[in-house]
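Chemist: There's a structure below that I have some questions on.
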Amino acid sequence: MKEDGGRDETDQYYRQLRSEADASGYSLNPDGAFARELVEGLIANRKRYGYESCPCRLASGHAASDRDIVCPCDYRDADLAEYGACYCALYVSRDACIGRKEVCPVPERRPQAGEADMEKKEGPSVPEAPLPYPVWRCRVCGYLCAREGPPAVCPICKAREDRFERFM
């Protein structure tokens, strides 16, 4: 993506991500060159797989299997709270952004093969009385809503509809 067209595409997507992050209370890594390299990886993965999987993780190429690592990944908020940055460091906490908190190395939170199957079997507890509407949970930020179907866009983190799971 070293051509002018690639640089324009990277800059445009970087500005979009930064605007969305600012509007949602998040911060992109203040090292603009580093952040743009990650954005190039997101663009490359979008062209390769059809979705923006984390550039620091190995994607399977199957959207359903990789939904948890589509940027912003399901692990971002927990990583920001605990380590000051997400796994790839595209997103950093406000304190880390202004230098008040030092960013620590972030271990991989994504379950390995087999662990994910155990998580799915456990699942959420089901209330005894039936609810009038299903409850949907944003896998990125944890937002919950009760309605017929998931919202098109999460009002908190702006994740798309496919990032919601039926919670109850």
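Chemist: Can you find even one residue in the stretch 56-76 that is touching a Leu at 6+ places or on another chain (Cβ under 9 Å), in contact (Cβ under 8 Å) with a residue 40 or more places away in the chain and farther than 25 Å from R137 by Cβ?
Modeler: no
Chemist: Looking at the stretch 27-40, I want the residues that are under 15 Å from C97 (Cβ atoms) and have a partner that is assigned to a helix (DSSP H, G or I) and not hydrophobic (A, V, I, L, M, F, W, C) with Cβ atoms under 8 Å, at least 6 apart or on another chain. Which pairs are those?
Modeler: Listed by first residue and then by second, the contacts come to S27/R94; L28/Y14; L28/R18; G32/Y14; A35/Y14.
Chemist: For the stretch 23-46, which residues satisfy the criterion of being in a loop (DSSP other than H, G, I, E, B) and of a type in the set (D, E)?
Modeler: So in the stretch 23-46, the residues in a loop (DSSP other than H, G, I, E, B) come out as 25-26, 29-31.
D31, the sole residue that qualifies.
Chemist: Just need a number here: residues in the stretch 137-147 that are in contact with a helix residue (DSSP H, G or I) (Cβ under 9 Å, 6 or more places away or on another chain) and buried (at least 17 other Cβ atoms within 10 Å of the Cβ).
Modeler: Here the count works out to 4.
Chemist: Given the condition modelled with pLDDT under 95, of a type in the set (G, A, S) and surrounded by 19 or more Cβ atoms within 10 Å (Cβ to Cβ), answer yes or no: does some residue in the stretch 96-109 qualify?
Modeler: Yes; the residues of the stretch 96-109 include at least one that is modelled with pLDDT under 95, of a type in the set (G, A, S) and surrounded by 19 or more Cβ atoms within 10 Å (Cβ to Cβ).
Chemist: For S19, are the conditions met, namely being in a helix (DSSP H, G or I) and within 20 Å of G142 (Cα to Cα)?
Modeler: On the way: in a helix (DSSP H, G or I): yes; within 20 Å of G142 (Cα to Cα): no.
No; evaluated as a whole, the condition is false for this residue.
Chemist: Please verify whether A81 is touching a residue at least 24 places away in the same chain (Cβ under 8 Å), under 15 Å from C141 (Cβ atoms) and surrounded by fewer than 20 Cβ atoms within 10 Å (Cβ to Cβ), treating the condition exactly as stated.
Modeler: Numbers: touching a residue at least 24 places away in the same chain (Cβ under 8 Å): no; under 15 Å from C141 (Cβ atoms): yes; surrounded by fewer than 20 Cβ atoms within 10 Å (Cβ to Cβ): yes.
Answer is no for this residue.
Chemist: Shifting gears a bit: Would you check which residues across the stretch 117-158 are within 16 Å of A78 (Cβ to Cβ) and either over 13 Å from the mean Cα position of the chain (by Cα) or modelled with pLDDT of 85 or more (or both) and list them?
Modeler: Applying the first criterion (within 16 Å of A78 (Cβ to Cβ)) to the stretch 117-158 yields 119, 137-143, 156-157.
Result: E119, R137, C138, R139, V140, C141, G142, Y143.
Chemist: Further question on the same structure: So I69 passes all but one of these: (1) more than 11 Å from the chain's Cα centre (by Cα); (2) of a type in the set (V, I, T); (3) surrounded by 16 or more Cβ atoms within 10 Å (Cβ to Cβ). Which condition number does it fail?
Modeler: (1)
Chemist: A further question follows. I'm trying to understand the selection: among the residues of the stretch 12-62, which are under 16 Å from C157 (Cα atoms), touching a strand residue (DSSP E or B) at 6+ places or on another chain (Cβ under 9 Å) and hydroxyl-bearing (S, T, Y)?
Modeler: Y26, S27
The values are calculated or read from the model by the stated rules, or taken from the named source; none is laboratory data. The structure displayed is predicted, hence computed values, not measured ones. All Cβ positions, glycine included, derive from the backbone under ideal geometry; neighbour counts span all protein chains shown.
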